[in-house]
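The next block holds one structure in the form of structure tokens; read it before the comments.
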Amino acid sequence: MTIILVNLVILLIASFFFGTWIRKLHWVLFGISLGIGIYSFTQEITIINMGYVGLSFFLVVMFASGLNPGKLKKRLMGNRAEYAIMGGIFVLVHGLKYIIYALDFSFFWFAPINFYIGIFSVMIMIPLWITSFMFVRKKMKGKSWKKLHKLSYVFYIAVFIHLIWINNQRMWFYITLCILYVFVKYWDYLIYIKLHDTRKMTKV
Ligand code: HEM
């Protein structure tokens, strides 16, 4: 829990102070993340191959829209794609590490359910991850991109189930995050409806 929260704070501070640089230097950051990810894959236990770092990146992506309007929100919203791509790299390292482990020790078909939910969530994540790269996104129609990215809700819910199902001492932490996320999205929805209604009224 501490690792996730510390990572989260680092990512918030980085975006707040260096948000523009994160956007400008995104390829360098993706390269560094890949390098760190590959190194971490070769190690026995790290905070990356255990899944914590990837999760922290995605928590920022998930909760950014729920923040009060201001500089931090603006910066975070502007770094969402970069954070999602870096988070995706770390999550892939984590997933692959566990899959190889399961294959090595011949329990791939007899693993706990949370293992398969993890695989399911990554299967959802891969098309979202690929289409988060700006050069891929530009090749798609805005509407199709938005439609595809609605799947991120399925991904997030699958991630929460993956984490809660582990049923360890952090279970209540994950349940709290999941409830908070539902509230944030509900709040977003209410604001969206309000804006929609106000626009309709001004048109009349
Ligand atoms: C191929 C996909 C995945 C597989 C095979 C997988 C597998 C696992 C396994 C076996 C565990 C350990 C459970 C235990 O300690 O008993 C775990 C933990 C974890 N996974 Fe995944 N996972 C995958 C995807 C993901 C994704 C997409 C995320 C987040 C975005 C994630 C985040 C985590 C975290 C943070 C933990 C540590 C939880 C804790 O110890 O509190 N995993 N995963």
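The values are calculated or read from the model by the stated rules, or taken from the named source; none is laboratory data. None of these values were measured; they are calculated from a predicted model. Cβ sites come from the backbone with ideal geometry, for glycine too, and all protein chains shown count toward neighbours. All accessible areas refer to the heavy atoms of the entire protein, side chains included, with ligands and DNA or RNA removed. Shrake-Rupley method; radii C 1.70, N 1.55, O 1.52, S 1.80 Å.
Just to make sure I understand: if all protein chains stay in place, what is the order of L25, L92 by accessible area at 1.4 Å, largest first?
L25, L92
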Problem - Residue-wise HN-Hα coupling along the range 114-127, computed from phi with Karplus coefficients 6.51, -1.76, 1.60 (Hz; x: Gly, Pro) - result: 4, 5, 6, 5, x, 4, 4, 5, 5, 4, 6, 5, 4, x
Fill in the blank from the handout: To the nearest 10 degrees, the tilt of helix 26-42 (Cα long axis) against the first principal axis of the alpha carbons of the chain is 20
Practice task
Please give the solvent-accessible surface of T176 in Å², to the nearest 10, using a probe radius of 1.4 Å with every protein chain present.
Solution key: 80
Practice task
Relative to the compact-globule scaling 2.2 N^0.38 Å, provide the ratio for the alpha-carbon radius of gyration of the range 1-160.
Solution key: 1.05
Handout entry: Positive dipole terminus of the range 2-203, leading residue within T46, F17, G78 (C-beta point charges)
Key = G78
Completion exercise
Sorted by accessible surface (1.4 Å probe, heavy atoms of the protein chains only), largest first, I13, I45, I193 come out as I45, I13, I193
Exercise for the section: Please work out how much accessible surface M86 shows to a 1.4 Å probe, ignoring ligands, DNA and RNA, in Å² rounded to 10. Expected result: 10
Completion exercise
At the level of C-alpha centres, the distance separating the range 101-162 and the range 1-29, in angstrom, is 22
Completion exercise
Reported to the nearest 10 Å², Y192 has, with a 1.4 Å probe, an accessible area equal to 130
Fill in the blank from the handout: Here the range 164-181 yields Karplus 3J(HN,Hα) values (6.51, -1.76, 1.60; θ = phi - 60°; whole Hz; Gly and Pro given as x) of 5, 5, 4, 6, 9, 5, 9, 3, 5, 5, 5, 5, 4, 4, 5, 5, 4, 5
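Nearest 0.05, what FRET efficiency do M50 and D197 give at R0 = 41 Å with Cβ-Cβ as r?
Details: r = 46 Å, r/R0 = 1.11.
Once the sixth-power term is evaluated, E becomes 0.35.
Among the listed pairs K74/K141; K97/K141; K24/K139; K24/K143; K74/K150, which have their C-alpha atoms separated by more than 32 angstrom in this model? Can you show the working numbers first?
Numbers: K74/K141 24 Å; K97/K141 35 Å; K24/K139 20 Å; K24/K143 26 Å; K74/K150 21 Å.
From the list (K74/K141; K97/K141; K24/K139; K24/K143; K74/K150), the Cα-Cα distance tops 32 Å for K97/K141.
Give me the number: length gained by fully extending F120 to T2, i.e. 0.36 nm times residue separation minus the C-alpha to C-alpha distance, one decimal in nm.
Details: separation 118, 0.36 × 118 = 42.48 nm, distance 2.65 nm.
Going from the current span to full extension adds 39.8 nm.
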Practice task
Using R₀ = 30 Å, calculate the FRET efficiency as 1/(1 + (r/R₀)^6) where r is the Cβ-Cβ separation of W145 and W187; round to 0.05.
Solution key: 0.80
Completion exercise
Phi angles of the range 99-112, converted by Karplus (6.51 cos²θ - 1.76 cosθ + 1.60, θ = phi - 60°) into ³J(HN,Hα) in whole Hz with x for Gly and Pro, give 5, 4, 4, 5, 5, 4, 9, 6, 10, 3, 8, 10, 7, x
